[in-house]
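The values are calculated or read from the model by the stated rules, or taken from the named source; none is laboratory data. Note that the coordinates shown come from a computational prediction; the quantities given were computed from them, not determined experimentally. We place every Cβ from the backbone using ideal geometry, glycine too, and count neighbours over all the protein chains shown. Accessible surface is based on the protein model in full, side chains and every heavy atom, while ligands, DNA and RNA are left aside. Shrake-Rupley method; radii C 1.70, N 1.55, O 1.52, S 1.80 Å.
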Amino acid sequence: MTAEVPAPVAHVFRLLTRRRTAGEYLPSSTFGATFAQRRAERFSGLFELDLPGGARGWLLLHHGRLVHAVYASLAPAEAAATILRAARHGTVHAFALGAEQAALALASVDGRTLALAQPLPAHEPSLLTELTARGFEGVVLLERGATHHHVWHLRGSAPPRAALPDSTAGYRKTVIAWAPRDLPALLYADELPAPVAAPVEDAPLPAPVTAEELWRAFERELHEELDGRAPRLLALVRDQHATTEPGELRRVLAEHLRRVAGPVAGTFQDHPTPLGHSHGAPRPESE
């Protein structure tokens, strides 16, 4: 009997939201209005929510329709309702998805997984041609590390739009059979009962961000942007600012991140935000 391949949804959603510097930070206080606007604009993308304490959730919009949500072990409709109500307490980023990335996200929700993050040999030139010859319909993902991935949406016998990388050493493959279709929509934000507003004095406040939390977040961002060069820069900066207070440390680390990654978001923004306990950041670029 063939073992069942694990569901790829969380794996794919993390992959598509890794590059935080390419995501758009959305103020939590206006997220409801922004979400409604994106629906009206027929936006396709992922909204990622980080809550104090490390909880994370995602909302998937396709052409303006909310088609899937992930939060803890909740069913999609319940996860969507929970995320939309909790957004005012968290850090929200939006990631627009191109056609291939959207196909990958939808296939992870609606398709049949044949391989998930399976290691590849150094050279596998026939992977796409064999699938095409068999009339395979679905999505193929190759990923390597935190910053490289390639997506192909294969449509039966039609030739793939791009070739494999010259070398597949270090890559992992995910293969999902999927016939494109419109997924049923979940509840929309304006269809949910409005939450009862808590008195201002009772509103939960995010815990102050400690210096060690800032260092951990800084280390994650460096590794995702610089890979092997990160430890040297981290050691240098940490030696220079080992005793810097959190408020000033946030500014200093943000400046270093701007030099290596451009505009910063979440933890290192100039205005205070709760710490997003991220386990990845670089937003992948499909080729």
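Brief remarks on what is shown
- The set of residues in segment 225-248 that are under 26 Å from the mean Cα position of the chain (by Cα) and either more than 23 Å from G145 (Cβ to Cβ) or touching a residue at least 24 places away in the same chain (Cβ under 8 Å) (or both) comprises E225, L226, D227, L233.
- Residue-level analysis places S28 outside the set of residues that are of a type in the set (S, T, N, Q), closer than 11 Å to F95 by Cα, open to solvent by less than 70 Å² (accessible area, probe 1.4 Å) and in contact with a helix residue (DSSP H, G or I) (Cβ under 6 Å, 6 or more places away or on another chain).
- The number of residues in segment 34-57 that are hydrophobic (A, V, I, L, M, F, W, C), under 15 Å from A102 (Cα atoms) and open to solvent by less than 10 Å² (accessible area, probe 1.4 Å) comes to 2.
- Residue match in segment 181-196 (condition: open to solvent by 40 Å² or more (accessible area, probe 1.4 Å), of a type in the set (G, A, S) and modelled with pLDDT of 75 or more): yes
- Scoring A230 on the criteria (1) part of a helix (DSSP H, G or I); (2) modelled with pLDDT under 80; (3) open to solvent by 70 Å² or more (accessible area, probe 1.4 Å) leaves a single failure, condition (3).
- Residues that are among the acidic types (D, E) and under 15 Å from the mean Cα position of the chain (by Cα) within segment 14-72 comprise E24, E48, D50, listed in sequence order.
- Odd one out for E225 among (1) farther than 28 Å from T91 by Cβ; (2) modelled with pLDDT under 75; (3) of a type outside the set (A, V, I, L, M); (4) surrounded by 12 or more Cβ atoms within 10 Å (Cβ to Cβ): (1)
- Pairs with Cβ under 8 Å, 6+ apart, first in segment 72-101 and more than 15 Å from L46 (Cβ to Cβ), second assigned to a helix (DSSP H, G or I) and of a type in the set (A, V, I, L, M): A72/A79
- Test: A22 is within 30 Å of T210 (Cβ to Cβ), modelled with pLDDT under 90 and of a type in the set (G, A, S): yes
- Being of a type outside the set (A, V, I, L, M, F, W, C), modelled with pLDDT under 85 and more than 30 Å from S28 (Cβ to Cβ) is a description that applies to G145.
- Given (1) surrounded by fewer than 16 Cβ atoms within 10 Å (Cβ to Cβ); (2) at pLDDT 55 or above, number of the condition W178 does not satisfy: (1)
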